Amino acid sequence: MASFRSSCANLLEWATACRRRKTAVAQPPAVDYVGSAVSCLVPKSSENRDTSEMCSAWTERAPRMTSEVFAIPYFADILGAACCEPYLLTRLSMTRRSLHNDISSADFAGRRTKELMKCGISGIQGCMTLEQIAVGMAVAKMCESPSKNRLYFPYGGGTDVVRSTRPLLAGAAALAERHPQLRIHADGHAGAGAPTSIAKMCSLSRCKVVTRELMARGLCSERLTSTGWGKKVAMVDPETEDHLWARAELFFRLGAKEFPCRQDYYDAVPESLRPRAEEPEEGEQQEASSSDEEPQGARLFGGRQMIPISAVLAHLRGQRDRAGEDEDEQESDEEESDDQADEVDDASERAGGSGEAARERLLDDVSD
């Protein structure tokens, strides 16, 4: 199968060159034809024939042979079934209008999808164009790693992408560069143990980190969207350990197709509780407006710990109130001691004059 696929690729190169007449092709590559393909189209070498005459003959016959090759019934399907390489088939469709109409049709792509799925290729269900097939196969190859389509973050509010999952960012940027119509969506998550307000804010922060990383690799903001799920998905998926939900998941969208297929835990979240996707500019504006109106949280310890500002302010107010209460108690104790001293002096004066005189008389009595 691999050798025949290589032969088909060589044939496409030869047919394209002959069709465009940009290069002089002396002889087509050797191809092992199968099925209803005409084997007589491949010349047989002759030791008694002059090489220059053979090259000249093939140069003259090349345009006619190209037309004969393209005129073979179901020629596109024959190569498509044998090769199933979306990029090569797309190049072939550029050589002839009739081939372009056949290869670019949804039926042709649907047949290729079924054939690839029979060969064990996953992640391309429902593809209706060759480009969707190519993207689906590329995404499936990227998701062969243990982390799949996930970018992990440190548990506890961290917003730094774990180093072992960073190759996914480079692969996503390269795929987007190859397919200008491809859009990338990031879903941010947080563990079920996080407070609700902190989980939402943390998931949004992780989405923004992913967006900045992809924009730094050349993607424009119009091709990026994100959704901060908070802990909604983690709450309905008890099978996954909580620390593994400190992550963002990447999805690739081309037309109506999204790759890879979403897991069932997304469907488990009620429709009314699902957040809406945000554009990068919209997220930045929302963050700025929320920070102007009422600050929601503060990032401490190098971005690895997220705590609410309201909790910080409440803690400071509590310390201030406790300090005020201590001062009030100290002042009340001092006032109480002063009152007791005044009462003693008053009692002494009633008993026999001032307190000093009373003490002197007491000493005189003791000496006597």
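All of the numbers you see were taken from the coordinates with simple rules; none came from a lab. None of these values were measured; they are calculated from a predicted model. Note that each Cβ is placed from the backbone with ideal geometry, even for glycine, and that neighbours are counted across all protein chains shown.
So here's what we get for this one:
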quantity: Whole-number Å³ per residue for the convex hull built on Cα positions in the range 113-171; calculated: 100
quantity: Simple label model, 7 Å out from Cα along Cβ direction - residue 114 to residue 266, nm; calculated: 2.7
quantity: Residue order, fewest to most surrounding Cβ atoms within 10 angstrom, among 152, 265, 74; calculated: 74, 265, 152
quantity: Proportion of all alpha-carbon pairs of the range 138-285 beyond 23 Å (%); calculated: 30
quantity: Label-to-label distance, nm, for residues given as residue 160 and residue 81 (7 Å Cα→Cβ offset); calculated: 5.6
quantity: Neighbour-limited loop hits for GluC sites (Glu not before Pro), the range 141-229 (at most 10 other Cβ within 10 Å; DSSP other than H, G, I, E, B); calculated: 144
